[in-house]
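Participant: Sharing a structure with you now.
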Amino acid sequence: MDNRNFERELNEPPRYDARTYQPLKEEVEFGSYPPQTVQSTVVVMPQSPPVRDHIIWSLFNTMYLNFCCLGLLAFVFSIKSRDRKLHGDRSGAVSYGSTARSLNIASTVLSILFTIIVIVICVIQVQYVVQVIQQMSEAENNNRFGYGNGK
């Protein structure tokens, strides 16, 4: 570390010798320059929340839960909502976004209900088939050992 001897009193200003300090050659007055105008930028933020187009939800419903093409319709309305939003038509974007949301809700609910109903029907059918197989196996065992023909 460089240790230099900086000993001066803090109460007096620094000393300049004639070799390093040169006064200004001419005095400059700030009043002689023309006044400058300050430019400011104003950013106006919208007060209302942004329009939601539900495009991700619509795409998901189109790919996975497309019950009676409701997911595809929701995707179409989402695209229309996004186009209206980009063109600056807020009321049209809100209208198409609301329709897309309603179609997404309908598609999601009906697809889930349809899936649950199919699972319940499959479980009931499997139980019925197992019961019929057990009855046929008991009847075959009874016939094999002579219990079923009345002897």
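The values are calculated or read from the model by the stated rules, or taken from the named source; none is laboratory data. For clarity, every value in this text was computed on a predicted model and none was experimentally measured. Every residue, glycine as well, gets a Cβ built from its backbone with ideal geometry; the counts of neighbours run over all protein chains shown. Keep in mind that these areas ignore ligands, DNA and RNA; they rest on the heavy atoms of the full protein, side chains included. Shrake-Rupley method; radii C 1.70, N 1.55, O 1.52, S 1.80 Å.
Participant: Could you pull the accessible area for T41 with a 1.4 Å probe, rounded to 10 Å²?
Facilitator: 130
Participant: Which order do R90, R84, R52 take by accessible area at a 1.4 Å probe, largest first?
Facilitator: Output order, biggest surface exposure first: R52, R90, R84.
Participant: Give me the distance in nm between label points sitting 7 Å out from Cα along the Cα-to-Cβ direction at S98 and C122, one decimal.
Facilitator: It works out to 3.9 nm between the two label points.
Participant: Measuring with a 1.4 Å probe in the full set of protein chains, what accessible area per residue, in whole Å², belongs to region 61-151?
Facilitator: 74
Participant: Would you please give the FRET efficiency between L86 and V42, computed as 1/(1 + (r/R0)^6) with r the Cβ-Cβ distance and R0 = 22 Å, to the nearest 0.05?
Facilitator: The formula returns an efficiency of 0.40 here.
Participant: Probe 1.4 Å, all protein chains in place: accessible area of M63 in Å², nearest 10?
Facilitator: Spelled out: M63, probe radius 1.4 Å, area about 130 Å².
Participant: Compare S137, S40, S107 by solvent-accessible area with a 1.4 Å probe and give them largest first, with all protein chains kept in place.
Facilitator: Greatest to least solvent exposure: S40, S137, S107.
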